[in-house]
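In what follows, a single structure is set out as structure tokens and then discussed.
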Amino acid sequence: MKSIGYNNSVAIIGANSNMGAQFAMAIAKAYRLLLIDSDEMQTSLLAAKIKHITQLPGAVEVLSCSKDASWEADIIVLASPTVTHALIAKKIAEVTTCKTILQISNANDELVSIQNILPHSHVIKVTINDSIAMFEGKNREAIQSALQLLSFTNWTIIEKTN
Amino acid sequence: MFNVLLAHIQEKVTLSVGDVDLLKSFFIPKKLRKRQYILQEGDVCKYLMFVEKGLLRMYHVDDKGAEHMIQFAWEGWWMADTYSFLSGDISQYNIDAIEDAELLMITLPNFEAMLLQLPVMERYFRILFQNNIISKERRLINTISYSAEERYKRLVAAHPEMIQRIPQNLIASYLGLTPETLSRIRKKLIQS
């Protein structure tokens, strides 16, 4: 029986957005990706592009349900428009206990906190301003996971401290 | 999602509604696909895993590349390389899914926090570890005292569902037999 190697699975919700696609392409060689977006056709095109880069079977998949993807994933990236974050958080709350969630937004977007909707998840807020990624979170282990993920991007990473 | 775990716990100890809510907050829900690893030899076993649905196996690969089954876990069973989980040392074992699985996983820091905040779980895990020691002793006795046929018969009697769900070659490996030997034993038993 031949098995599939384990490395962390990352669900990217809103994979077709600029930030989602950029993120997916950047981390594809190091993580198994589960891509979710409303336009599945476009998501499939992105998946094909990533498969071409990684050359690994099963390294990227398109899923239609954000809850299923978050259940399977070890880390969740919310890259959809920020107005959708609260709704998605409610949907995935049950399956994200103790998991790291990166909530990504542009500097101009109004970011609603989802930590109260996901009290047992480790939410890391990542704000992108040009090529700078400013992030903040409370859980040290989750911050390490986020740093590891972000290190694959071309963004300059800065931790926001109070 | 927690039905099997809660039923398993409440067979042994009593949990209040508040306890249940707190308990749930320590576990990572994780779906695993058939043939996907959750632990690979050389990595640290970071989780103690409870199987809500599906089937896992833990095995060791020897120098010649042969797989030796150590343990199987299906609905209502716990699975981990306990030594690696508790010590933080690297594991000699692999754990993967024989069937698509739904797991509830707990890290060591969360496990310790849970035992502190829910003392009733100390009792639950004491019972579990006691049972585990007994079962390991029995397996050792079976291995050194009984014939291959007797070992197979005892396994069928103890876990009939295992025979239905697990491929014969993996059962043979678990019993320390070659698939051919197990096949001969099965044939003989069917004929008799």
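Computed from the coordinates by the stated procedures, all read-outs in this text should not be read as laboratory data. Quick caveat: nothing in here was measured; it's all calculated off a predicted structure. Quick reminder, even Gly has a Cβ in these numbers, built from the backbone with ideal geometry, and neighbours come from all protein chains shown.
What is the distance, in nm, between label points placed 7 Å from the Cα along the Cα-to-Cβ direction at B:Glu67 and at B:Ala113?
So the two model labels end up 3.5 nm from each other.
Where the only charges are on Cβ atoms (+1 Lys, Arg; -1 Asp, Glu), what is the dipole of the range A:9-159 about its Cα centre, to the nearest 20 debye?
For this selection, approximately 240 debye.
Return the long-range amide H neighbours of B:Gln71 (sequence gap of 5 or more, or a different chain), with a cut-off of under 5 Å between placed amide H atoms.
B:Met58
Taking each pair of different alpha-carbon atoms in chain A once, compute 1/r for the pair, average those values, and report the inverse of that mean as the Kirkwood hydrodynamic radius in Å to one decimal.
About 15.6 Å, per the Kirkwood formula over Cα pairs.
Please report how far the C-alpha centroid of the range A:24-76 lies from that of the range B:143-192, rounded to the nearest whole angstrom.
So the separation of the two Cα centres works out to 42 Å.
Per DSSP H run of at least 4 residues, take -39500 (n - 2.57); add these up for chain A, divide by its residues and hand me the 222 nm value, nearest 500 deg cm²/dmol.
One gets -9500 deg cm²/dmol as the mean residue ellipticity at 222 nm.
With just the Cα atoms defining each centre, how far is the range A:81-159 from the range B:49-102? Give it in Å.
If we compute the Cα centre of each part, the gap is 32 Å.
Quote the charge dipole size of the protein assembly as shown about the Cα centre in Debye, to the nearest 20; the model charges only the Cβ of Lys and Arg (+1) and of Asp and Glu (-1).
1000
For a bin width of 5 Å, list the pair-distance distribution of chain B built from all Cα-Cα distances, rounded to whole %.
Distribution as computed: 1, 7, 14, 19, 19, 16, 12, 7, 4, 2, 1, 0 percent.
Under DSSP H, which helices of chain A have Cα atoms covering 30 Å or more of the helix axis and a Kyte-Doolittle average no less than 0.0?
none
Just name one of B:Leu15, B:Tyr59, B:Met79: the one whose Cα is farthest towards the positive end of the charge dipole of the range B:3-120 (beta-carbon charges, Lys/Arg +1, Asp/Glu -1).
Positive-most Cα among the choices belongs to B:Leu15.
Need one number: the % of Cα-Cα pairs in the protein assembly as shown sitting beyond the 37 Å mark.
27
Given labels modelled 7 Å from the Cα in the Cβ direction, how far is it in nm from A:Asn8 to A:Ser64?
Result: 3.0 nm between the two label points.
In chain B, with Lys and Arg counted as +1 and Asp and Glu as -1 at Cβ, which of these residues, B:Met121, B:Ile38, B:Met162, has the Cα nearest the positive end of the dipole, that is, farthest along it?
B:Met162
Which FRET efficiency value, to the nearest 0.05, do you get for A:His120 and B:Asp19 by plugging their Cβ-Cβ distance into 1/(1 + (r/R0)^6) with R0 = 22 Å?
0.90
Report, to the nearest 10°, how far helix B:179-191 tilts away from the longest principal axis of the Cα atoms in chain B, using its own Cα long axis and a range of 0 to 90°.
80
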